[in-house]
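The block underneath contains the structure these notes are about, expressed in structure tokens.
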Amino acid sequence: MSGFDTTWLDLREPADHAARDAALLTAAREFLQAGGPSPLAVDLGSGTGSTLRAFGSDDRVRWRLVDHDPRLLEAAVSRLDGFPHVERMEADLARLDPVVLADARLVTASALFDLASEALVERIADLLSERRIGLYAALNYDGATRWEPSHDGDREMLAAFNAHQTTDKGLGRALGPEAADALRHAFERRGYEVRVAPSPWRLGPDQRALETALRDGFVAAVRETGRVDGAAIEVWQRDRIDHPAACHVGHWDVLALPRG
Ligand SMILES: C[S@@+](CC[C@H](N)C(=O)[O-])C[C@H]1O[C@@H](n2cnc3c(N)ncnc32)[C@H](O)[C@@H]1O
């Protein structure tokens, strides 16, 4: 299990909502709403339901939250007051059963596909295109993390972090920074109309808690790779704590809709 906790998901949600590309979100919502009297959206790797809150409540729309972590599905309940039709489904995407997608008009995901393998993207693209289901996949990390002001250690730390992004998180070798491109190519090859747009985090002084959690996770990931000398990691971390920096984290949103 990849072990995301509600504290981290709650912390990142405001930044995610500010970052999502508004035009793609609107187009995804319109596609969903045009899917009959009670269209169904299936949110993969839903966590506590951040994507639903980004779409906003609509009495006609049904949602299916899919996650392998029952604690997150449980935590979603209290966070989704005002969403009248929400079904929770515990399932492991590593063994994706097509029943998860039954009756869907749109599949959504956020901060998920950088954890996924190319094989999973291809499988999802097959399943969606066979059923003419749309895909809205937001906040795919692109490998571009920048701090302002910069630090001599940034380049080495980021290279190690990005290498860690491609390790297996339970879904095979992760796409990491290649996720948005892999999605775009997979759906274009199947004749979908694909739009992509940047959705970066721009974290400033008012987001210290998120930045601190991000930095701690970043350092832990770098340590795990063994690519950076421990003393150099300490120096970088200490300097970053003593001299807080603005931080830019690159993401891309992808909207893939069946033509016609
Ligand atoms: C970065 S979190 C994003 C959560 C949510 N979409 C959001 O934006 O807040 C990734 C989510 O994917 C889920 N996940 C990871 N691997 C999974 C798997 N193999 N099967 C199902 N869900 C998985 C995690 O439990 C977690 O909820």
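The values are calculated or read from the model by the stated rules, or taken from the named source; none is laboratory data. Not measured: the values here are computed from a predicted model. Glycine gets a Cβ as well: all are built from the backbone with ideal geometry, and neighbour counts include every protein chain shown. All accessible areas refer to the heavy atoms of the entire protein, side chains included, with ligands and DNA or RNA removed. Shrake-Rupley method; radii C 1.70, N 1.55, O 1.52, S 1.80 Å.
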For R60, the accessible surface traced by a 1.4 Å probe with all protein chains present amounts, in square angstrom to the nearest 10, to 90
Would you please report the Å³ per residue occupied by the convex hull of the alpha carbon atoms in the range 93-227? 123
Whole-number accessible area per residue in Å² for the range 175-258, which is evaluated in the context of all protein chains at 1.4 Å: 47
Toward the positive end of the charge dipole of the range 68-187, about the Cα centre and with charges on Cβ (Lys, Arg +1; Asp, Glu -1), which of L183, H85, L128 goes farthest? H85
What are the semi-axes of the equivalent ellipsoid for the range 197-260, taken as the square roots of 5 times the Cα gyration tensor eigenvalues, largest first, in whole Å? 31, 17, 8
Along principal axes, largest first, the alpha-carbon spread of the chain in whole Å comes out as 58, 38, 32
What distance in nm lies between label points placed 7 Å from Cα along the C-beta direction at E130 and R238? 5.7
Any idea how far apart A27 and T167 come out in nm if each label point goes 7 Å out from Cα toward Cβ? 3.6
Roll a 1.4 Å probe over the protein heavy atoms and report the accessible area of V99 in Å², nearest 10. 80
Beta carbons within 10 angstrom, averaged per residue: use that to sort the peptides 137-145, 221-229, 116-124, 21-29, highest first. 137-145, 116-124, 21-29, 221-229
Between S38 and D152, how many nm apart are label points set 7 Å from Cα along the C-beta direction? 6.5
Calculated P(r) of the range 91-139 - Cα pairs past 19 Å, %: 17
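Using a 1.4 angstrom probe, figure out how much accessible area the range 12-132 has per residue, in square angstrom, rounded to the nearest whole.
41
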In the chain, if the dipole is taken from +1 on Lys/Arg beta carbons and -1 on Asp/Glu beta carbons about the Cα centre, which of T51, W201, A160 is farthest to the positive end? T51
For the A209, A94 Cβ pair and Förster radius 41 Å, calculated FRET efficiency rounded to 0.05 is 0.80
